[in-house]
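The values are calculated or read from the model by the stated rules, or taken from the named source; none is laboratory data. Here the structure is a predicted model, which is why all the values come from computation and not from measurement. Virtual Cβ from ideal backbone geometry, glycine too; neighbours counted across all protein chains shown. Please note that ligands, DNA and RNA were not included when accessible areas were found on the heavy atoms of the full protein model with its side chains. Shrake-Rupley method; radii C 1.70, N 1.55, O 1.52, S 1.80 Å.
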Amino acid sequence: MAGGVFWRPTADDQSINSITTGLYMTVSAILAEITNDVQYTNAAIASANWIKSLNINADNIVLDTVNGHDCTRSASNWLFTYNSGKFIEGLSVLADVTSDSQWNTL
């Protein structure tokens, strides 16, 4: 689950959420752009890879949640535009920071 960010910091909620992960990815990429610090770049890449590998459907729409206990994903019809939008924003910044074309495509 490296790169994913929990929804809430509580023991009773093990949801690893796309919006929290997308926000973390985006702020990490922006900090990498500002500071040229590879730690921020690596953090953004880890979060982008988490979404790409665990929480995106066949139509390239970002799903909402992965359960940290059993790795199940949220229902396929539980979609929120902000999850995909934040992911696309983060990918855009990450593509600029890394000059790596893989971040230009889902």
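Enter the accessible area per residue of segment 33-78 (Å², integer; probe 1.4 Å; all protein chains in place). All intermediate terms of the calculation are to be shown ahead of the outcome.
Details: 2750 Å² over 46 residues.
Per-residue value: 60 Å².
Pick out, from His69, Ala43, Thr26, the residue whose Cα sits farthest towards the positive end of the charge dipole of the chain, with +1 on the Cβ of Lys and Arg and -1 on the Cβ of Asp and Glu.
His69
If you average the sequence gap of Cα pairs under 8 Å that are 6 or more apart and divide by the length of the chain, what percent do you get for the contact order?
Numbers: 178 pairs, mean separation 31.2, N = 106.
For the chain, the relative contact order is 29 percent.
At 1.4 Å probe size, with no ligands or nucleic acids counted, give the accessible surface of Ser101 in Å², nearest ten.
80
Mind computing the radius of gyration and Dmax over the alpha-carbon atoms of segment 60-106? Å is fine for both.
13.0, 36
Find how much the distance from Ala2 to Asn42 grows on full extension, using 0.36 nm per residue of separation minus their present alpha carbon separation; answer in nm with one decimal. All intermediate terms of the calculation are to be shown ahead of the outcome.
On the way: separation 40, 0.36 × 40 = 14.40 nm, distance 1.13 nm.
Gain in length upon complete extension: 13.3 nm.
Amide H to amide H, which residues 5 or more places from Ser15 or on other chains are under 5 Å from it, using H placed in the peptide plane?
Trp7, Arg8, Gly68
Give me the percent of the accessible area of the chain that comes from carbon and sulfur atoms, probe 1.4 Å, all protein chains in place.
Values: 3200 of 5890 Å².
Here carbon and sulfur together make up 54 percent of the probe-accessible area.
May I ask for the angle, rounded to the nearest 10°, between helix 18-35 and the longest principal axis of the chain, with both axes built from Cα atoms and the value confined to 0 to 90°?
Once rounded, one gets 10 degrees.
Keeping all protein chains in place and using 1.4 angstrom, which order do Glu89, Glu33 fall into by accessible surface area, from largest down? Write down the numbers at each step before the final one.
Working: Glu89 75, Glu33 100 Å².
Per-residue accessible area, sorted high to low, gives Glu33, Glu89.
Ordering Ile16, Ile56, Ile34 from largest to smallest accessible area (1.4 angstrom probe), what's the sequence?
Numbers: Ile16 5, Ile56 30, Ile34 125 Å².
Descending accessible area places them as Ile34, Ile56, Ile16.
Within segment 1-99, report the chymotrypsin sites (Phe, Trp or Tyr not before Pro) that DSSP leaves as loop and that have at most 11 other Cβ atoms within 10 Å.
Values: sites: Phe6, Trp7, Tyr24, Tyr40, Trp50, Trp78, Phe80, Tyr82, Phe87; in loops: Trp7, Trp78, Phe80.
In loop regions of segment 1-99 (DSSP not H, G, I, E or B), the sparsely surrounded chymotrypsin sites (Phe, Trp or Tyr not before Pro) are Trp78.
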